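Right, one structure below, let's go through it.
The values are calculated or read from the model by the stated rules, or taken from the named source; none is laboratory data. These figures come from a predicted structure and were not determined experimentally. In this analysis, Cβ positions are derived from the backbone assuming ideal geometry, glycine residues included, and neighbour counts consider all displayed protein chains.
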Amino acid sequence: MARGTPAAPAPARPGQAVKLRLTEIFYSIQGESTLAGSPCVFIRLTGCPLRCVYCDTAYAFHGGTTVSVEEILDRVRAFGCELVELTGGEPLSQRGSALLVRRLADKGHTVLLETAGNEPIEAVDPRVKIIYDVKTPGSGEAGRNRWENLDHLKPGDEIKFVICSREDYEWARDVVRERGLAGRHTVHFSPSFAVVANERLASWILEDRLPVRLHLQIHKYIWDPQARGV
């Protein structure tokens, strides 16, 4: 079993509820993507096979509670919010996550799925907007990038690079150019929080005339960066 990944529930038999390991559900302001600033319900699943050096949700590596897809849908409905994001951990490391986002879309939600891309994405419902995090060398997990996933992204899906250094920036810049990513998707460059200065990354982007967005995690500027449930 991959490190940090909870034991996935066995596939459901006919009539049996599909269950997932859940860390938390909360209502907050979306801090990332082109929908940043919007009220959003976050569903954070438990477990992740990656160990990025800048991870800010290590508390979701273990623990959590086992709940059914129907229980999650009921809890989301109580917030009365259209926008919902499934995150982690790594949500696609759990069987049942594809069913959950499909059911959310069936109920009329705008659904975001944030994934590190180390798991296949072909089974994700096409109504779901994927926020795809390409791992830079500075993350310590660049070797886990599943590059073939990029071919399965839809035009409306978004790509994010977390930049930890000038070397990371140049690596990400070259990936964007060589793969033509900005011509097909909104691409975000996010400074690793408190590691790369916002103005420094902004100047690099401007100097290279790079067609990407400077991407700040605005929830960390509203609340304490270490706060949970926001």
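Restricting the range 185-230 to residues that are surrounded by 17 or more Cβ atoms within 10 Å (Cβ to Cβ) and of a type in the set (V, I, T), which is modelled with the lowest pLDDT?
V196
For the range 183-215: of the residues being part of a loop (DSSP other than H, G, I, E, B) and touching a residue at least 60 places away in the same chain (Cβ under 8 Å), which is nearest to S139 (Cα to Cα)?
Step one: list which residues in the range 183-215 are part of a loop (DSSP other than H, G, I, E, B), which gives 184-185, 192-197, 208-212, 215.
Add one more test, that the residue is touching a residue at least 60 places away in the same chain (Cβ under 8 Å), and what stays is 192-193, 195, 215.
Details: S192: 9, F193: 12, V195: 12, H215: 17 Å.
Checked the range 183-215; the qualifying residue nearest to S139 (Cα to Cα) is S192.
Which ones in the range 113-143 are of a type in the set (G, A, S) and surrounded by fewer than 21 Cβ atoms within 10 Å (Cβ to Cβ)?
Step one: list which residues in the range 113-143 are of a type in the set (G, A, S), which gives 116-117, 123, 138-140, 142-143.
Residues satisfying the conditions are A123, G140, A142, G143.
Determine which single condition A8 fails, assuming it passes every other condition in (1) under 16 Å from the mean Cα position of the chain (by Cα); (2) modelled with pLDDT under 95.
(1)
Quick one: how many residues across the range 19-75 are in a loop (DSSP other than H, G, I, E, B), surrounded by fewer than 19 Cβ atoms within 10 Å (Cβ to Cβ) and in contact (Cβ under 8 Å) with a residue 60 or more places away in the chain? Let's see the steps before the verdict.
Just the residues of the range 19-75 that are in a loop (DSSP other than H, G, I, E, B), to begin with: 30-38, 46-57, 61-64.
Restricting the remaining residues to those that are surrounded by fewer than 19 Cβ atoms within 10 Å (Cβ to Cβ) gives 34-38, 49, 51, 53-57, 62-63.
Adding the requirement that they be in contact (Cβ under 8 Å) with a residue 60 or more places away in the chain leaves 34-37, 49, 51, 53-54, 56.
Result for the range 19-75: 9.
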